[in-house]
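Structure first, commentary second.
Since every read-out is calculated from the coordinates, none of them should be taken as a lab result. Nothing here was measured: the structure is a model prediction, and the numbers come from that model. Note that each Cβ is placed from the backbone with ideal geometry, even for glycine, and that neighbours are counted across all protein chains shown.
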Ligand code: C5P
């Protein structure tokens, strides 16, 4: 491990999408690439942190030097996260599916002419809210993300209070920004102190700046 301002600190990072099965061969997913979460894990590791990286299925290379835990569904991600606690800080960069298929089929659903399967959904656990609101053992610093397409600051500010996390890293993922799946990000850091706009920069640089902020906050 590298030596640095985060040496001796244990930090959890969630990343990537989750996959919610419909049947053994089909699933519901989202467009998260895992790039920003991976970059954050790398930046924290480079600053000396002992990083546990809980990731859903993503195509990006796993961060070297981090302890990697691979999961598929939101339910598995929550279990993995709870097993990792306690930590000094937790960064929730995963794009967790809001819903899962209520009763996924154990066998492949056959295509039958004229018969379209109806699907019922169930709500997934909110991992960020669950950890933020823990009565005991809550990480001293909890950072959430907010991918928004409209009213980014208002939505992120409301989200921070609703979830109970310390910071929200908000970004505009409107298709015309090219941010989702791209190599750059333009974020607004929402904390107790208000909203701070960061200029558009590479996801690695966003990760580095965020890691520095985390190091400063942990002291
Ligand atoms: O509510 P929304 O999905 O927009 O919130 C995004 C933030 O909440 C992200 O930090 C994401 O990792 C986290 N989240 C979570 N579990 C969920 C949904 C979102 O941890 N089920």
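Data overview
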| item | result |
| --- | --- |
| Of 181, 194, 65, the one that fluctuates the most in a GNM where the chain has Cα springs shorter than 10 Å | 194 |
| Degrees separating the helix 35-46 axis from the principal Cα axis of the chain, which is the longest one | 40 |
| The stretch 1-119 - convex hull of alpha carbons, volume per residue in Å³ | 102 |
| 191, 32 arranged by Cβ crowding within 10 Å, fewest neighbours leading | 191, 32 |
| Residue 134 versus residue 72: modelled label distance in nm, points set 7 Å from Cα along the beta carbon direction | 2.7 |
| Size-normalised alpha-carbon gyration radius of the chain, reference 2.2 N^0.38 Å | 1.04 |
| Gain upon complete extension [residue 116, residue 149; 0.36 nm per residue less C-alpha separation] | 8.7 nm |
| Rounded to 5, percent antiparallel among DSSP beta bridges of the stretch 1-133 | 30 |
| Additional length obtainable on full extension of the chain from residue 103 to residue 205, 0.36 nm per residue less Cα span | 32.6 nm |
| Centroid-to-centroid separation of the stretch 178-219 and the stretch 1-52 [C-alpha atoms, Å] | 15 |
| GNM result for the chain, Cα springs below 10 Å: residue of 40, 28, 11 fluctuating most strongly | 28 |
| Mean ellipticity per residue at 222 nm, deg cm²/dmol - from DSSP H runs of n ≥ 4 across the chain, formula -39500 (n - 2.57) | -8000 deg cm²/dmol |
| Highest-fluctuation residue, 109, 179, 127 considered, GNM on the chain with Cα pairs under 10 Å | 109 |
| Degrees separating the helix 203-218 axis from the principal Cα axis of the chain, which is the longest one | 60 |
| Shape of the stretch 30-86, Cα gyration tensor, a/c cut at 1.5 | oblate |
| Three-way shape label, the stretch 116-205, alpha-carbon gyration tensor, a/c 1.5 | oblate |
| Helix 152-163 vs. the chain, principal-axis angle (Cα, 0 to 90°, nearest 10) | 90 |
| DSSP bridge orientation in the stretch 128-219 - percent antiparallel, rounded to nearest 5 | 60 |
